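Derivation of every value follows stated rules applied to the coordinates shown; laboratory data play no part. Just so you know, these numbers come straight off a predicted model, no measurement behind them. Cβ coordinates were reconstructed from backbone atoms using ideal geometry, including for glycine residues, and neighbour counts include every protein chain displayed.
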């Protein structure tokens, strides 16, 4: 079973870079045992991108195993401006399929292999250096 405490601990760890309390939603389906996690958080302003957000989507099976993830760093506007994202859906013909990385800011169609990001903490660790340095991604 997925617990709020896991997410609260990560949010607390990265709180110096988070501008406001995040929206955190865990929804469990009693029939399937699947838990859907939705988190939207605002990062502190970035010198290049301005206000940005981290859109987090995860799904866990009844045994608590992560089987779907989508971690998207985006400019906080409508429509959102893609900066980078890691996902494990669709087949892109990459060596790390289904894991892939949308690595080109403002061009979500381009993908590359994703050998490193497999968890929310991995994604935080990939983004936070750019929040700290104020440099453009990548």
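Points to keep in mind about this one:
- Cα pair distances exceeding 15 angstrom across region 31-92, given as percent: 57 percent
- Each principal axis of the chain carries a Cα extent, and these read 45, 38, 26 Å when sorted largest first.
- Gain in span if fully extended, residue 65 to residue 77, counting 0.36 nm per residue against the direct Cα distance: 1.0 nm
- Residue of 13, 36, 109 that the Gaussian network model of the chain assigns the largest fluctuation, springs spanning Cα pairs under 10 Å: 109
- Label positions at residue 97 and residue 5, each projected 7 Å from the Cα along the C-beta direction, are separated by 4.0 nm.
- Of the two radii for region 65-138, the radius of gyration is 0.96 times the Kirkwood radius, both from the alpha carbons; that is the Rg over Rh value.
- For a modelled paramagnetic label at residue 15, 7 Å from Cα along Cα-to-Cβ, no residue of region 105-128 is in reach, as no backbone nitrogen comes under 17 Å.
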